[in-house]
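In what follows, a single structure is set out as structure tokens and then discussed.
The values are calculated or read from the model by the stated rules, or taken from the named source; none is laboratory data. Here the structure is a predicted model, which is why all the values come from computation and not from measurement. Positions of Cβ are generated from backbone atoms using ideal geometry, with glycine treated the same way; all protein chains shown enter the neighbour counts. Each accessible area value is taken on the protein alone, full model and side chains, heavy atoms only, with ligands, DNA and RNA left out. Shrake-Rupley method; radii C 1.70, N 1.55, O 1.52, S 1.80 Å.
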Amino acid sequence: MTHLKTLAGALALSVLAIAPAAAQYPDHAINLIVPWAAGGGTDATGRIIATLLEKELGQPINVINRTGGGGIVGHTEISYSPPDGYTLGVITTELSMYHWTGVSPLNYENYEPIALFNADPEAVFVRADGPTIEDLLSQIRANPGSVKASGANLGGMAHLGWAGVLVTNEIDPAAAPWVPSEGASASLQLLASGAISVVTTTMPDARPMVDAGEVKPLIVAANERVAAAPDVPTAEEALGNKWAAYAWRGIAAPKGLPEDVKVRLSEAMEKVVNSQEFKDFMAQRNFGIDYRDAAGFEAFLKDADDSIGKALQAVGLAK
């Protein structure tokens with residue numbers, strides 16, 4: 001009997017010795033879902049994040065653009081994916097708006113926040129030969145419906161930024177209708193073609209067309225002038241009414257991510273955002289860096305949901 005026990009013990013040790021060790025995360029490619037079209041700011045920042053995150057994690061990261069529904073299609077796919085760390089996503093400001101505007105029940109509680117990496121104020125753009133902000137608002141007052149605006153989806157931060165400019169100047173937002181689009185890039189093309197008169201988006205998103213002399217910024221919806229466009233006045237400076245609206249971007253995973261995977265991703269993102277390559281990329285394109293770790297991003301999302309909800313209610317966009 002003793003001999004049999006010894007033999008059984010030896011066999012068990014042999015099995016343990018040859019059994020493969022549990023794979024360490026990550027052991028294969030990761031997908032990064034971008035809920036907006038290629039060519040825009042979310043796509044550009046998502047791709048540099050993917051490139052640098054590959055170096056930190058040692059696995060390929062495939063960027064997948066899932067567009068549609070004003071970002072809802074991509075945000076939904078992120079939230080419904082398996083919470084195993086192999087599907088991540090760039091979540092954006094619009095996530096703080098969907099449930100308030102009634103277009104989707106999605107909110108920050110459907111995600112596992114990893115890191116916030118960017119925040120930029122909205123700005124108002126017209127064609128290079130377009131009017132001043134004062135003349136633009138005068139046209140809207142005199143001829144309601146003659147000015148059409150865009151920037152992204154209905155009820156998104158770009159829309160809120162534009163509605164806020166109108167409301168703070170005692171203009172009904174319905175007097176300058178919003179044309180939904182799949183992001184800044186598509187809206188700016190509509191502006192350049194003459195299909196619409198105004199685009200509200202961030203300075204980095206519009207920079208290529210500003211540099212090309214096709215569009216120009218009139219005001220920035222910020223608390224102070226931005227380094228990316230120091231000659232552009234704030235809404236308060238130009239119009240006498242204080243108004244600020246910021247767009248943000250961060251990395252998140254589906255809810256239920258294992259804690260060790262979350263820690264691994266959070267540590268990797270901290271290195272990415274603090275890297276010189278990332279800082280140089282953001283500076284060259286005039287993107288603002290606003291880093292928050294997983295805990296900080298979660299608190300940020302909760303605050304954003306509350307403050308944006310109040311803003312949407314104030315301008316009549318909340319359901």
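A few notes on this one:
- Remark: the range 131-146, residue by residue, has Karplus-estimated 3J(HN,Hα) of x, 6, 5, 5, 5, 4, 5, 5, 5, 5, 5, 6, 9, x, x, 6 Hz, where x stands for each Gly or Pro and the curve is 6.51 cos²θ - 1.76 cosθ + 1.60 at θ = phi - 60°.
- Placing +1 on the Cβ of every Lys and Arg and -1 on the Cβ of every Asp and Glu, with no other charges, gives the chain a dipole of roughly 480 debye about its Cα centre.
- Contact order normalised by residue count of the chain, Cα under 8 Å, 6+ apart, percent: 26
- Between Asp260 and Val73, the C-beta separation translates, for a Förster distance of 25 Å, into a calculated FRET efficiency of about 0.25.
- Potential extension, His28-Ala142 segment - 0.36 nm per residue separation minus Cα distance: 35.1 nm
- Close amide-amide hydrogen proximity is noted between Ala115 and Ile251, each under 5 Å apart and 5 or more residues distant or on a separate chain (H modeled in the peptide plane; Pro and chain starts excluded).
- Taking a Cβ cut-off of under 13 Å around Trp162, the surrounding Lys, Arg, Asp and Glu residues balance to a net charge of -1, with basic ones at +1 and acidic ones at -1.
- Residues with amide H under 5 Å from that of Thr202, placed H, sequence gap 5 or more: Ala123
- Size of the range 138-203 from its Cα atoms: along the principal axes, largest to smallest, the extents are 29, 23, 19 Å.
- Taking only the Cα atoms of the range 198-238, the radius of gyration and Dmax are 9.8, 28 Å.
- Using the Karplus relation 6.51 cos²θ - 1.76 cosθ + 1.60 with θ = phi - 60°, the per-residue 3J(HN,Hα) values for the range 117-126 come to 10, 8, 8, 9, x, 6, 9, 9, 10, 10 Hz, with x marking Gly and Pro.
- Relative contact order computed over the range 163-319 (Cα-Cα under 8 Å; 6+ residues apart), in percent: 18
- Relative intensity of the range 159-233 on a log10 scale, I(q)/I(0) at q = 0.23 Å⁻¹, equals -1.20, per a Debye sum over C-alpha point scatterers of equal strength in the absence of solvent.
- Distance distribution P(r), the range 111-223, all Cα-Cα pairs, bin width 10 angstrom from 0: 15, 50, 28, 6, 1 percent.
- With protein chains left intact and a 1.4 Å probe, residues in the range 32-80 average 36 Å² of accessible area per residue.
- Annotation: the antiparallel percentage among DSSP beta bridges lying fully within the chain is about 70.
- Modelled this way, with points 7 Å down the Cα-to-C-beta line, the labels at Gln284 and Glu56 are 2.0 nm from one another.
- Axis angle, to the nearest 10 degrees, between helix 2-18 and the longest C-alpha principal axis of the chain: 30 degrees.
- In order along the range 295-306, the Karplus-derived 3J(HN,Hα) couplings, from 6.51 cos²θ - 1.76 cosθ + 1.60 at θ = phi - 60°, round to 5, x, 5, 4, 5, 4, 5, 5, 5, 4, 4, 5 Hz, and Gly and Pro are given as x.
- Projected area, mean over directions - the range 188-282, Cα convex hull, nm²: 9.1
- Take every pair of alpha-carbon atoms less than 8 Å apart whose residues are at least six positions apart; their mean separation over the length of the range 73-136 yields a relative contact order of 20 percent.
- Computed helical MRE - 222 nm, the chain, DSSP H runs ≥ 4 contributing -39500 (n - 2.57), nearest 500: -13500 deg cm²/dmol
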